[in-house]
1. Counting alpha carbon pairs within less than 8 Å and at least 6 residues apart, what relative contact order, in whole percent, applies to region 98-205?
2. What does the net charge come to around ARG35 if you take all other residues with beta carbon closer than 15 Å to its beta carbon, with K and R at +1 and D and E at -1?
3. Sorted by packing (mean other beta-carbon atoms within 10 Å per residue), highest first, where do 18-30, 218-230 land?
4. Which net charge results when you count Lys and Arg as +1 and Asp and Glu as -1 among the other residues whose beta-carbon is under 10 Å from that of ARG243?
5. Angle check, please: helix 155-175 long axis (alpha carbons) against the longest principal axis of the chain (alpha carbons), in degrees 0 to 90, nearest 10.
6. Pick from GLU175, GLU99, GLU77 the residue whose mean-square fluctuation is largest in a GNM of the chain, springs joining Cα atoms under 10 Å.
7. Karplus couplings for region 26-43 from phi (6.51 cos²θ - 1.76 cosθ + 1.60, θ = phi - 60°), rounded to Hz, Gly and Pro as x?
8. Run the helix sum for the chain: -39,500 (n - 2.57) per DSSP H stretch of 4+ residues, divided by residue count, reported at 222 nm to the nearest 500 deg cm²/dmol.
Amino acid sequence: MTAPSALVTGASRGIGSLIARKLAASGWNLTISARSAGPLTDLAAQLSGDHDGTVVPVVSDMAHEDDLHRLAETHGESFGRLDALVLNAGMGSIGPFAEFPARRFDKLFAVNVRSAFVLVQRTLPLLRKTAADHGVARVVAVSSMTGIAGEPLNSAYGATKAALTSLCETLNTEESQAGVLATAVCPGYVATDMTAPLADQVSPDLMIDPGDVAEVVVSLTRLTGSAVIPQIAMTRPGPHLWRA
Ligand SMILES: NC(=O)c1ccc[n+]([C@@H]2O[C@H](COP(=O)([O-])OP(=O)(O)OC[C@H]3O[C@@H](n4cnc5c(N)ncnc54)[C@H](OP(=O)(O)O)[C@@H]3O)[C@@H](O)[C@H]2O)c1
């Protein structure tokens, strides 16, 4: 039997690279994507050297529809099954609601939401086939606590993550009986490049460890398809439960 396979977006660094590392260490075949070729191909070479599985790097921009089509097709041609579509690539941007540029809002939606919608559509036939052959196939989206509860300066980013979580919910209502299950993992601040500009407000030591987010994502792939888990919230220790 062929090894399970995953397509992980935003895998060149941060949470996505840790998800890729954990899956590769478990013998999975991977397609990994990001815009920057260097870190992506370096990671693919390292994981292919260290583990048994095949790792295919595909340079792609989540804002470019052609790239999304090519990414989905490359994965299908390479592996012929898709056990986990990990929708991790994303961009952050904060600013007051009153002044937030609409063009920036559109870019956030293209990268954080539209890409997920297109990738699910393009991979759904393979996800369904994998579920039929192997019992379950998963979509895991790295969403955000700001998509569960609004916070100052996060009108656009939070709205993208609420939309991403909603896509997972609806996908479950339509596809879970066919074995395609979706989960939105919703962390508060995670110590990665994305939150580096916030370091003077929240120490990275007090943020969520990116390895813990990756572990939650990967743990979903070890479950049978008996339970739908639409959403997992992760917050930092402290008095506020629903805050990044
Ligand atoms: N850090 C947090 O506090 C936090 C909290 C909750 C949720 N999240 C979410 O977790 C996910 C991963 O974030 P992270 O903290 O690991 O961020 P990160 O360290 O900045 O990594 C982001 C990844 O996405 C890729 N990426 C960014 N824009 C892209 C685009 N337009 N097309 C393709 N790939 C793109 C980056 O590679 P390239 O730049 O090479 O393209 C990189 O691999 C994101 O969806 C983020 O919204 C983060």
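The values are calculated or read from the model by the stated rules, or taken from the named source; none is laboratory data. What you see is a predicted model; the values in this text were computed from it and never measured. Every residue, glycine as well, gets a Cβ built from its backbone with ideal geometry; the counts of neighbours run over all protein chains shown. Only protein heavy atoms, including side chains, enter the accessible area calculation; ligands, DNA and RNA are left aside. Shrake-Rupley method; radii C 1.70, N 1.55, O 1.52, S 1.80 Å.
1. Relative contact order here is 28 percent.
2. On the way: positive: ARG13, ARG70, LYS107; negative: ASP42, ASP61, GLU65, ASP66, ASP67, ASP193.
Charge balance in the 15 Å sphere: -3.
3. Per-residue Cβ counts within 10 Å, averaged per peptide and sorted highest first, yield 18-30, 218-230.
4. Residues near ARG243 contribute 0 overall.
5. Its long axis makes an angle of about 30 degrees.
6. Answer for the Gaussian network model of the chain: GLU99.
7. 8, x, 6, 8, 9, 10, 10, 9, 5, 7, 7, 5, x, x, 5, 5, 4, 5
8. That calculation yields -13500 deg cm²/dmol at 222 nm.
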